[in-house]
1. Place a +1 charge on the Cβ of each Lys and Arg in the chain and a -1 charge on the Cβ of each Asp and Glu, then give the dipole magnitude about the Cα centre in debye, rounded to the nearest 20.
2. Hey, what do the phi angles of the stretch 253-269 turn into as Karplus ³J(HN,Hα) couplings, whole Hz, using 6.51/-1.76/1.60 and θ = phi - 60°, x for Gly and Pro?
3. Return the whole-Å distance between the Cα centroid of the stretch 24-38 and the Cα centroid of the stretch 202-250.
4. In sequence order, what are the phi-derived ³J(HN,Hα) couplings for the stretch 24-34 according to the Karplus relation 6.51 cos²θ - 1.76 cosθ + 1.60 with θ = phi - 60°, rounded to whole Hz, with x for glycine and proline?
5. As a test, work out the antiparallel percent of DSSP beta bridges whose residues both lie in the chain, rounded to the nearest 5.
6. Among Leu52, Ala152, Asn90, which residue has its Cα positioned farthest towards the positive end of the charge dipole of the stretch 48-153, with +1 placed on the Cβ of Lys and Arg, -1 on the Cβ of Asp and Glu, and the dipole taken about the Cα centre?
7. How large is ³J(HN,Hα) for each residue in the stretch 56-62, as worked out from phi by the Karplus curve 6.51 cos²θ - 1.76 cosθ + 1.60 (θ = phi - 60°), to whole Hz, x for Gly and Pro?
8. Amide H neighbours of Gly41 under 5 Å, at least 5 residues apart or on other chains, H built in the peptide plane: list them.
Amino acid sequence: MRILIADKFPDDAIEELRAAGHEVEFAPDLDAEGLVAALAGFQCVVVRGTRLTAAAIRANDDLELIVRAGAGTNTIDVAAAAMNSVVVCNTPGKNAVAVAELAMGLMLAIDRNIPDNVADLRGGIWNKKRWSRARGLKGRTLGIVGFGDIGAEVARRAAAFGLAVVTVDRSGRSEAALQRLAQLDVTTVPDLESLFAVADIISFHVPSAPGTAGMIGRELLAHVRPGTMIINTSRGEIIDEEALLEVVDDKDLRVGVDVYSDEPGAGENTFNSPLARHPRVYGTHHIGASTEQAQRAVAEEVVAVIQSFASGQVRNQVLG
Ligand code: 3PG
């Protein structure tokens, strides 16, 4: 196949694809507009956060396969792909540990005010008195919203920190998913309101989808207990950022976010997010999946997806 890789991707995985007989072009700096023309003549495109619009899909008749080197497919017009008989696949679970590690890192950073400690020291200020205040994590209750591969990895790490984990009970869980909850000693509560009412820390791990967009709005935030820590390493769209900012001071919330509703893509940009700039918020640059280990695992899975497709089999298909 002729494969266009339109995002960062490891060299050795590119070589592996070439060795398997594919013609690979590497263009990591392409953006959504650039992709419309750049895709001409390619049967397969590999992307991370680069947007794949309906226009790009419709304009390229040769396109057969879109591979998302990661989990979230909100940047790909999956409906347009289906309409044009283009298969969309992803690499679920392959970066779950990396995202969970960041979620734990944000919890610790918030509890100990690590970024502010560092900022003071870099500014030549020693202020042990100011920063010698932390609540501690042991014995707190962690509410995990979205208990897939990432939620489970967070629960595993939370257990080592002595956190009690709760999640929302929902119908339709497979036997394996129920077993995983039991193994990880996770308690279930009937709904999000109940979770918000008991959790000291709430960590979100749901995909961006019509049902999750804006799911955390004014109504639910009314149930958040004062002093709660909120961690979002999933997608910015799931939280009504304006509503969160309205309560963050009054409720003494501490927030750790890796994702934003209007975040720029890869690379450098200006970004004036009121959420990211708020002093009670520690933000990172959507780096949850960006460990070498995770990117290696993701790249291996991308190669497996492409090789399966080339031999007539579809692996990890994402349906709209
Ligand atoms: C994902 O959806 O896999 C993660 O959010 C990582 O996204 P990225 O590959 O754009 O960093």
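1. It comes to approximately 1320 debye.
2. 7, 10, 10, x, 10, 10, 9, 9, 5, 10, 6, x, x, 5, x, 9, 7
3. After rounding, the separation between the Cα centres reads 34 Å.
4. Working through the residues one at a time gives 10, 10, 10, 9, x, 9, 5, 10, 4, 5, x Hz.
5. 5
6. Ala152
7. For the stretch 56-62, the Karplus-derived couplings read 5, 5, 5, 6, 10, 5, 6 Hz, x marking Gly and Pro.
8. Under 5 Å from the amide H of Gly41 lie the amide H atoms of Asp62, each far enough along the sequence or on another chain.
Every read-out reported here was derived from the displayed coordinates using simple, explicitly stated rules and does not represent laboratory data. Keep in mind the model is a prediction, meaning the values are calculated, not measured. Note that we place each Cβ from the backbone using ideal geometry, even for glycine, and neighbour counts take in every protein chain shown.
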